[in-house]
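The values are calculated or read from the model by the stated rules, or taken from the named source; none is laboratory data. The structure displayed is predicted, hence computed values, not measured ones. Note: ideal-geometry Cβ built from the backbone for every residue, glycine included; neighbour counts use all protein chains shown.
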Amino acid sequence: LLDCTLRDGGYLNDWEFGQDHLISIYERLVDSGVEIIEVGFLDNRRPFDMSRSIMPDTESANQIWSCTTKKPPMVVGMIDYGTCKTEDLQPCDESFLDGIRVIFKKHLMHEAMEFCAQVKALGYKVFSQLVSITSYNDDELLELVNKVKPYAVSMVDTYGLLHPEDLLHYYAVLEEHVDKDIQIGFHAHNNFQLAYANALALIGTDSKHDIVVDGTLHGMGKSAG
């Protein structure tokens, strides 16, 4: 289970949770037993602000969360491909972050996967996030993952268009062809009120891969949440 409240939830408040709330939400999520916490966007177009979970570089994450001693199994940040450079990223062993999720649209997939390889070389666990999974055909799904071998590849239902049978089709393609050491993820949106049903359908599969499912507190997030 991956919680992305501090990142996707930030669409509702321009990521201005306030420093106290950033720390409080993070620490309570750790206490809840969530395996992965996504603490915000890395976006070098935005200035550093201790009150916001949108940060220009990884050093900013170090500063914001330096006051906490709590740690879940994994802490990650997210980059919308093209908004943060490798120069903005410290080596992983100097960073508060254990992993970085990279979101990208299909027309940018080859450049984005090369960027994923560069981030992986810095020591981070890299999640390749396939924005608008419904825009991919089966062949396109297969051509971009196994060469880089990210930590995980995620199906992102950006506009909440998936029904469970559609989601399970995309999943079956990845399940059959993706290296078994690569985790398969799912990031839902609730436009058709199917986010929860889709998540349940996915985790109910008998998978040879580890599965990562995203959620947020109160379902807060972009668009329909």
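Just a few scattered comments:
- Those residues of the stretch 140-172 which are modelled with pLDDT of 95 or more and either out of contact with any strand residue (DSSP E or B) (no Cβ under 9 Å at 6 or more places or on another chain) or on the phi > 0 side of the Ramachandran plot (or both), in sequence order: TYR159, GLY160, LEU161, HIS163, PRO164, GLU165, ASP166, LEU168, HIS169, ALA172
- Scanning the stretch 22-42 for residues that are of a type in the set (A, V, I, L, M, F, W, C) and in contact with a helix residue (DSSP H, G or I) (Cβ under 9 Å, 6 or more places away or on another chain) yields LEU22, ILE23, ILE25, LEU29, ILE37, VAL39, PHE41, LEU42.
- Against the list (1) loosely packed, with under 13 Cβ neighbours inside 10 Å; (2) closer than 15 Å to THR216 by Cα, the condition ILE37 fails is (1).
- Applying the condition of being of a type in the set (Val, Ile, Thr) and either under 21 Å from GLU27 (Cβ atoms) or surrounded by fewer than 20 Cβ atoms within 10 Å (Cβ to Cβ) (or both) to the stretch 60-84 and asking which residue is modelled with the lowest pLDDT yields THR69.
- Some residue of the stretch 99-119 being in contact with a Cys (Cβ under 7 Å, 6 or more places away or on another chain) and not aliphatic (A, V, I, L, M): no
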